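**Student:** Quick one: the structure is below, and I'll ask about it shortly.
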Amino acid sequence: MAIVEQIQQMLIDLLGPFGPLILVGFLGLTLVLLTLPIMLKKEEDPLEKLKTGGRIKVKENAGVPTAKLRQVQKKDKLEKYSNFLEPQNQEDYSAVKLKLLQAGYTSKNSVRMYHFAQFALGILGLMVGLLYAFGVADFSELTTQDRAMYIIGPGVGGYMFPKYWVTRRQASRQEEIVNGFPDSLDMMLVCIEAGQSLDQSIIRVSKEMRSGFPALAHEFEIVSYEMKAGKDKMAVFKDMAERCGVPDIASFVTVLIQSQQFGTSIADALKVYSSEMRDKRVMRTEEKANTLPTKMTLATMLLTVPPLLIILIGPSIYDIMTNFGGANSL
């Protein structure tokens, strides 16, 4: 009992009043992490196979089989952990998949890798926080809340980093598509007026836009491949609008659908729509230019007012300090 009391007192001196609880929580987390791979790797009982007559059980969620939510590959090492690394709800899975598609991650296992990155970086952050807590920082002068933040903070940051990265990449990719879309429409209009079909103009645009706007060129390239495979054109363009997540492309798809339904010329529709896209790009540029003076106000004040005050008031302050010093010496 004396040894237990000594260990308990040492933990209280090192980690504070909740030192034993922190140690117990850390040991519990370690046991969970050690047993989780074993439970996920557990094979099905042969007796259960005999009871079901050799049939494979498929659990359903919201009326949709979970086997349809993912692409099964024999060489994928993370397939055995798919139930843990992927959402089992179709809506959640589709939302994450769409977000990754709009960020440019088109792999079949992108959702699985995304959640694996969150899990791995979260565990790595917890380990870094524990190492810092027990090896570097002096916790004797910190409160219990500060100690918990030192330990949990890196884990939360590691877990949220993939989400932040995907969101930033999605925003930058959509901005690139918006900036390059008017030029692609002008090039497509030139190709169609020169006598090429819509399929040929899309292939030409994907090749010409690759150097300046690779994300938009990649989307047009996917469209050309899908149309070559025999997929319906309108379905291909709708998928493109969903992958990009840009309102301009969604409006462009609507224009093409209406042009096909009413039998009007695609060249005339593209001529009107490309003119609107150019005007819209000019308006966006003017909007950014009009907000620039407001953003520069604070920087202008910080960089202009202090030097101006030094130039105007500095000599007077120097004279006052000199005269005051001379009067004190007398």
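**Student:** Would a scan of the stretch 159-166 turn up a residue that is within 24 Å of the chain's Cα centre (by Cα), at pLDDT below 90 and either hydroxyl-bearing (Ser, Thr, Tyr) or more than 22 Å from Gly245 (Cβ to Cβ) (or both)?
**Tutor:** Of the residues in the stretch 159-166, the ones within 24 Å of the chain's Cα centre (by Cα) are 159-166.
Filter once more, keeping what is at pLDDT below 90: 159.
So of that shortlist, the ones also either hydroxyl-bearing (Ser, Thr, Tyr) or more than 22 Å from Gly245 (Cβ to Cβ) (or both) come out as 159.
Checked the stretch 159-166: at least one residue is within 24 Å of the chain's Cα centre (by Cα), at pLDDT below 90 and either hydroxyl-bearing (Ser, Thr, Tyr) or more than 22 Å from Gly245 (Cβ to Cβ) (or both).
**Student:** Hey, Leu130 hits all of (1) in contact with an Asp or Glu (Cβ under 8 Å, 6 or more places away or on another chain); (2) at pLDDT below 85 but one; which does it fall short on?
**Tutor:** (1)
**Student:** Would you pick out the residues in the stretch 180-203 that are assigned to a helix (DSSP H, G or I) and among the hydroxyl-bearing types (Ser, Thr, Tyr)?
**Tutor:** Of the stretch 180-203, the ones assigned to a helix (DSSP H, G or I) are 180-193, 198-203.
Passing the criteria: Ser184, Ser201.
**Student:** So, in the stretch 204-214, exactly how many residues are in a helix (DSSP H, G or I) and surrounded by fewer than 20 Cβ atoms within 10 Å (Cβ to Cβ)?
**Tutor:** In the first step, residues of the stretch 204-214 are kept if they are in a helix (DSSP H, G or I); the result is 204-208, 214.
Next, only the ones that are surrounded by fewer than 20 Cβ atoms within 10 Å (Cβ to Cβ) stay: 204, 207-208, 214.
Final tally of qualifying residues: 4.
**Student:** Can I ask one more? Across the stretch 173-187, what is the total count of residues that are surrounded by fewer than 21 Cβ atoms within 10 Å (Cβ to Cβ) and within 15 Å of Ser275 (Cα to Cα)?
**Tutor:** Of the residues in the stretch 173-187, 7 are surrounded by fewer than 21 Cβ atoms within 10 Å (Cβ to Cβ) and within 15 Å of Ser275 (Cα to Cα).
**Student:** Moving on to the next point. Which of the residues spanning the stretch 93-119 are small (Gly, Ala, Ser) and touching a residue at least 24 places away in the same chain (Cβ under 8 Å)? Break it down into steps so the answer makes sense when it comes.
**Tutor:** Residues of the stretch 93-119 that are small (Gly, Ala, Ser), as a first pass: 94-95, 103-104, 107, 110, 117.
Result: Ala103, Gly104, Ala117.
**Student:** Still on this structure, please answer the following. Quick check, is Ala250 in contact with an Asp or Glu (Cβ under 7 Å, 6 or more places away or on another chain), within 30 Å of Met234 (Cα to Cα) and aliphatic (A, V, I, L, M)? Before the answer, list the steps.
**Tutor:** Working: in contact with an Asp or Glu (Cβ under 7 Å, 6 or more places away or on another chain): no; within 30 Å of Met234 (Cα to Cα): yes; aliphatic (A, V, I, L, M): yes.
When the stated conditions are applied, Ala250 does not pass them.
**Student:** Take the stretch 157-173 and flag every residue that is of a type in the set (S, T, N, Q) and under 16 Å from Lys97 (Cα atoms).
**Tutor:** In the first step, residues of the stretch 157-173 are kept if they are of a type in the set (S, T, N, Q); the result is 167, 170, 172.
If the condition is that a residue be of a type in the set (S, T, N, Q) and under 16 Å from Lys97 (Cα atoms), then Thr167, Gln170 are the ones that fit.
The values are calculated or read from the model by the stated rules, or taken from the named source; none is laboratory data. This structure is a prediction, so every number in the text was calculated from the model and none was measured. As a convention, Cβ positions derive from the backbone with ideal geometry for all residues, glycine included, and neighbour counts pool all protein chains shown.
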